[in-house]
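Reading through the structure tokens given below for one structure.
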Amino acid sequence: MPEESAGHPAAGIGRHGEPAARGGASFRCAACGEAAAVIRLLGAGDSVDMGPPLGPQQHGRDGVVIDYWLGSTCWMAVDPGTQAAVSAVLGARDPDPAALHAIDWQLAPFFCRACQACYCRDDWHPVALWDGPFYDYTEGHCPAGHRQVIDD
């Protein structure tokens, strides 16, 4: 369990991720210490478990998998340039979520630009916004009160 300090249960957690299995990176919540997300690259034709109801899926393109964020698994197609840039970030000794966010904010929606910290779904206090009967996007407020879109 992360050491607790004045109002920040996981204050010892830095913004950078840790290398994870299969060339990915794991990012922890700066507020509670739980997993914020696990990011990894997936090659065309590789299988990924997308969770219920989809189960194992294969995609015909290279992509990025974002696990644990918002309680689900997300796959996003990437072009060769983006794949190379993401690979460089994930392959670093200390994967930087700000670098992922700079490539495409949807690669690190768990990263608060203002705090320069990662937060899990619950600590973002997500609010889904609707356009009539249709889902539009989700915004969140980090523990410090910063607001940003965390899903679109």
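The values are calculated or read from the model by the stated rules, or taken from the named source; none is laboratory data. Note that the structure is predicted; figures quoted are calculated from it, not measured. Virtual Cβ from ideal backbone geometry, glycine too; neighbours counted across all protein chains shown. SASA here: full protein model, heavy atoms, side chains in, ligands and nucleic acids out. Shrake-Rupley method; radii C 1.70, N 1.55, O 1.52, S 1.80 Å.
Residues in segment 90-111 that are more than 29 Å from residue 52 (Cβ to Cβ), out of contact with any Ser or Thr (no Cβ under 9 Å at 6 or more places or on another chain) and at pLDDT 95 or above: 96, 98, 99, 102.
Once segment 96-130 is narrowed to residues that are under 11 Å from the mean Cα position of the chain (by Cα) and open to solvent by 40 Å² or more (accessible area, probe 1.4 Å), the residue that is nearest to residue 71 (Cα to Cα) is 121.
Residues being touching a residue at least 24 places away in the same chain (Cβ under 8 Å), assigned to a loop (DSSP other than H, G, I, E, B) and not basic (Lys, Arg): count how many of those fall in segment 15-64. Adding up the residues that qualify gives 10. Within segment 45-87, restricting attention to residues that are of a type outside the set (A, V, I, L, M, F, W, C) and in contact with a Cys (Cβ under 9 Å, 6 or more places away or on another chain), the residue that is most open to solvent (accessible area, probe 1.4 Å) is 68.
Scanning segment 6-27 for residues that are open to solvent by 20 Å² or more (accessible area, probe 1.4 Å) and either at pLDDT below 80 or touching a His at 6+ places or on another chain (Cβ under 9 Å) (or both) yields a count of 12. For residue 30, the requirement of being surrounded by 19 or more Cβ atoms within 10 Å (Cβ to Cβ), touching an Asp or Glu at 6+ places or on another chain (Cβ under 7 Å) and at pLDDT 85 or above is not met. All conditions but one from (1) within 19 Å of residue 21 (Cβ to Cβ); (2) under 15 Å from the mean Cα position of the chain (by Cα) apply to residue 93; the one that does not is (2).
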